[in-house]
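These notes concern the structure reproduced below.
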Amino acid sequence: MFKGKAVVFALMLMLATSVYANMVDGCTSQVGTDNGLGTLAPAQLTISICPQGDFEYIRASAGGSTAYVWIIALDFFSYPVVGIPWTDCWLNSCNASQQLHLCAMPIAADSLTGDNGRTTFSGRIAGGGCTLTGGIWWAIQGVQIKGNKPTCDVPLCLDIIVKSPDLSGGGGNPDGIVNLSDLIPFGNAYNLGLGAPGYNACCDLNDDDKCNLSDFTFFGMHYQHTCF
């Protein structure tokens, strides 16, 4: 009788193992930013994005040319999940009031996840909106990477600021197209600098703490750009 129970338990364990193996687990997986020095040193990234996916590279978002976001995808047993496609990733704002408008394929990894489950992101993001506070969460294979371990009940929010010329669509939210409605917030903040009443950091697309002609030039370069 005991032997029969042991066999049943072993079968159940094998079934559970097969179910959870090679599936990303948001609690064991890891995500972070790197300033490009090769030391996994956390870095604040400030990225300007466009719905057409043709604005700033992540690699240029920390003042240099080699910054990136990294993910290590692990399963329930902390084993690497290998070969996840470049496009099987997602991101958005941790601040519910500053959600981004992301296109159908907003981000692509630099490679498939390797033998250690690791991949990086240094390219461009296709989307609109502005999130200045709260950070950005990241997901891979449809699973958010979680923080607050061991409970893992909240997303892990990276110190990333995102800006875009797509600021105001229907209802005042980004709508995935850079058009005339987005000129309104630019007009309200034009020629204002950090600390001035009415200054809007979302309009500062070159990160010099001013909203001026150089930022309007960026707006013009991306005018009428929309999600594919």
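The values are calculated or read from the model by the stated rules, or taken from the named source; none is laboratory data. Source: prediction; values computed, not measured. For neighbour counting, all protein chains shown are included, and Cβ atoms are generated from backbone atoms with ideal geometry for every residue, glycine included.
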Which one of the conditions (1) surrounded by fewer than 20 Cβ atoms within 10 Å (Cβ to Cβ); (2) farther than 28 Å from Thr217 by Cα; (3) in contact with an Asp or Glu (Cβ under 9 Å, 6 or more places away or on another chain) does Gly117 fail to meet, given that it meets all the rest?
(1)
Residue match in the range 210-222 (condition: without any contact (Cβ under 8 Å) to a residue 12 or more places away in the chain, farther than 28 Å from Gly64 by Cα and among the small types (Gly, Ala, Ser)):
no
Residues satisfying the stated conditions in the range 182-228, i.e. surrounded by 14 or more Cβ atoms within 10 Å (Cβ to Cβ), within 21 Å of Tyr57 (Cβ to Cβ) and charged (D, E, K, R)
Asp204, Asp207, Asp215
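Which of the residues spanning the range 58-95 are hydroxyl-bearing (Ser, Thr, Tyr), farther than 16 Å from Met23 by Cβ and surrounded by fewer than 15 Cβ atoms within 10 Å (Cβ to Cβ)? Before you say what the answer is, go through the steps one by one.
Going residue by residue through the range 58-95, those that are hydroxyl-bearing (Ser, Thr, Tyr) are 61, 65-66, 68, 78-79, 87, 93.
After this cut, where a residue has to be farther than 16 Å from Met23 by Cβ as well, the list is 61, 65-66, 68, 87, 93.
Correct list: Ser65, Thr66, Thr87.
For the range 67-112: of the residues being among the β-branched types (Val, Ile, Thr) and out of contact with any Gly (no Cβ under 6 Å at 6 or more places or on another chain), which is farthest from Asn173 (Cα to Cα)?
Step one: list which residues in the range 67-112 are among the β-branched types (Val, Ile, Thr), which gives 69, 71-72, 81-82, 84, 87, 107.
Filter again for out of contact with any Gly (no Cβ under 6 Å at 6 or more places or on another chain), leaving 69, 71, 82, 84, 87, 107.
Values: Val69: 26, Ile71: 29, Val82: 37, Ile84: 32, Thr87: 25, Ile107: 21 Å.
Among residues in the range 67-112 that are among the β-branched types (Val, Ile, Thr) and out of contact with any Gly (no Cβ under 6 Å at 6 or more places or on another chain), the one farthest from Asn173 (Cα to Cα) is Val82.
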Would you check if there is a residue in the range 159-180 being under 27 Å from Val82 (Cβ atoms), in contact with a strand residue (DSSP E or B) (Cβ under 6 Å, 6 or more places away or on another chain) and among the aliphatic types (A, V, I, L, M)?
yes
If Val143 passes every condition in (1) over 17 Å from Ala96 (Cβ atoms); (2) modelled with pLDDT under 95 but one, which one does it miss?
(2)
Conditions: (1) touching a Phe, Trp or Tyr at 6+ places or on another chain (Cβ under 7 Å); (2) touching a residue at least 24 places away in the same chain (Cβ under 8 Å). Ala201 meets all but one. Number of the miss?
(1)
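Being in contact with a helix residue (DSSP H, G or I) (Cβ under 7 Å, 6 or more places away or on another chain) and surrounded by 12 or more Cβ atoms within 10 Å (Cβ to Cβ) is the requirement here; does Asn179 meet it?
Numbers: in contact with a helix residue (DSSP H, G or I) (Cβ under 7 Å, 6 or more places away or on another chain): no; surrounded by 12 or more Cβ atoms within 10 Å (Cβ to Cβ): yes.
No: the conditions fail for Asn179.
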